[in-house]
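As structure tokens, the structure follows; a few thoughts come after it.
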Amino acid sequence: MIENPMLAEPYAVRRMQQETYDTFTFELEPKSKGRAFSFAPGQFNMLYVFGVGEVPISISGDPAKSETLVHTTRAVGTVTNAMWKLRNGDILGVRGPFGTGWPVEEAKGKDVVIVTGGLGLPPLRPSLYQLLSRKQEYGKLVLLYGARTPEDIVYGQEVEQWRKRSDLAVDVTVDRATGQWRGNVGVVTTLIPKAPFDPANTIAMVCGPEIMMRFTIAELQRRGIPDKSIYLSMERNMKCGFGFCGHCQFGPFFVCKDGPVFRYDRVKPFFGRGEI
Ligand SMILES: Cc1cc2nc3c(=O)[nH]c(=O)nc-3n(C[C@H](O)[C@H](O)[C@H](O)COP(=O)(O)OP(=O)(O)OC[C@H]3O[C@@H](n4cnc5c(N)ncnc54)[C@H](O)[C@@H]3O)c2cc1C
Ligand code: FES
């Protein structure tokens, strides 16, 4: 329960790591010592760069590690570029966590297929950590990950470690092969037909650009996964983050409060219809 959702808490930058040419991961520690931060996989924070502005960024660390907050951000504009310039010890304002999470509880006893494109992996990494830590409670776990080029792959070393695990099936593809890439080439949907899951008993978690999610949903439906077993994470412009200002309206929903994770059958009439 957040005491005052408008109040940003000061957090210090502890580690900055470049992931790709435009994407970076950083860890934050609370200025008030001993303050733990609990969140559900899929939730996001409003991060405030003092004097510049505030943006929603998903939490991408391990939910079991409540002493630090991890975010992975692509520098696309004013606030995210200012964020990239932060160094160890610099202070950020944090409000959150906000929004709904991935259905890790509901997925118990089922196979789980995670389909991500581009920067869709960071919002899903916490659920992957949680699923792997409770592996015995789930069926098969599958990660399908698509990036534009090999240079756009985030968490490269970790993805390689995941590939070596026997309890997680990982398949990665790139739209365009460059350098030494010898893996799959093609969009992420091409990985779905041969992915090892039982469509009748699977929860799908999908995150990426809207066009990628649209084609992914169609391919999952072709495999026989019902709409009510498909979950996706939406993005909209946000201001307050907790259902107060109306900036993130999506049909009858507010993405910040009713989402960002939605069950597909609930948003189907509005999905892919632009800014409604
Ligand atoms: C729930 C939620 C979770 C999010 N999680 C993450 C995350 O984990 N990591 C992350 O990097 N981003 C995430 N985003 C997107 C992030 O909030 C935006 O990229 C950010 O608000 C851009 O702010 P800015 O001031 O840097 O750019 P602005 O100055 O506002 O925009 C500059 C330019 O970038 C374009 N732009 C704005 N947003 C995006 C976008 N999402 N993708 C591509 N171009 C964009 C604008 O159209 C404009 O041309 C999330 C958004 C939401 C709603
Ligand atoms: S951001 Fe204000 S209602 Fe969603």
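A few points about this structure:
- Evaluating T189 against the criteria (1) in contact with a Phe, Trp or Tyr (Cβ under 6 Å, 6 or more places away or on another chain); (2) outside any helix (DSSP H, G or I); (3) not charged (D, E, K, R) leaves one unmet condition, (2).
- In the condition set (1) closer than 19 Å to C256 by Cα; (2) within 13 Å of ligand 1 (Cβ to nearest atom); (3) small (G, A, S); (4) outside any strand (DSSP E or B), A82 is compliant with all but (1).
- Filter result for F270 (outside any helix (DSSP H, G or I), out of contact with any strand residue (DSSP E or B) (no Cβ under 7 Å at 6 or more places or on another chain), within 16 Å of ligand 1 (Cβ to nearest atom) and over 25 Å from Y129 (Cα atoms)): no
Per-residue answers, yes or no, for (1) on the phi > 0 side of the Ramachandran plot; (2) touching a residue at least 40 places away in the same chain (Cβ under 8 Å); (3) within 17 Å of the chain's Cα centre (by Cα):
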{"residue": "G139", "(1), (2), (3)": "no, yes, no"}
{"residue": "L144", "(1), (2), (3)": "no, yes, yes"}
{"residue": "E151", "(1), (2), (3)": "no, yes, no"}
{"residue": "Q157", "(1), (2), (3)": "no, no, no"}
{"residue": "Q161", "(1), (2), (3)": "no, no, no"}
{"residue": "V174", "(1), (2), (3)": "no, no, no"}
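Per-residue answers, yes or no, for (1) away from ligand 2 (no atom under 16 Å from the Cβ); (2) over 30 Å from F197 (Cα atoms); (3) in contact (Cβ under 8 Å) with a residue 12 or more places away in the chain; (4) in contact with a Ser or Thr (Cβ under 6 Å, 6 or more places away or on another chain):
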| position | (1), (2), (3), (4) |
| --- | --- |
| T25 | yes, yes, yes, yes |
| L28 | yes, yes, yes, no |
| A36 | yes, yes, yes, yes |
| F39 | yes, no, yes, no |
| M46 | no, yes, yes, no |
| E54 | no, yes, yes, no |
| T68 | yes, yes, yes, no |
| G89 | yes, yes, yes, no |
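- Condition check for V159: over 18 Å from M213 (Cα atoms) and part of a helix (DSSP H, G or I): yes
- The residue that is nearest to ligand 2 (Cβ to nearest atom), among those in the range 228-259 that are in a strand (DSSP E or B) and of a type outside the set (S, T, N, Q), is F254.
- Number of positions in the range 108-127 that are more than 13 Å from ligand 1 (Cβ to nearest atom) and either buried (at least 24 other Cβ atoms within 10 Å of the Cβ) or part of a strand (DSSP E or B) (or both): 6
- Count of residues meeting criterion [at pLDDT 95 or above and assigned to a helix (DSSP H, G or I)] in the range 194-210: 3
- Residues that are among the β-branched types (V, I, T) and farther than 27 Å from E151 by Cα were ranked within the range 11-60; the one that is surrounded by the most Cβ atoms within 10 Å (Cβ to Cβ) is V49.
The values are calculated or read from the model by the stated rules, or taken from the named source; none is laboratory data. In this text, all values refer to a predicted model and were calculated from it rather than measured experimentally. Virtual Cβ from ideal backbone geometry, glycine too; neighbours counted across all protein chains shown.
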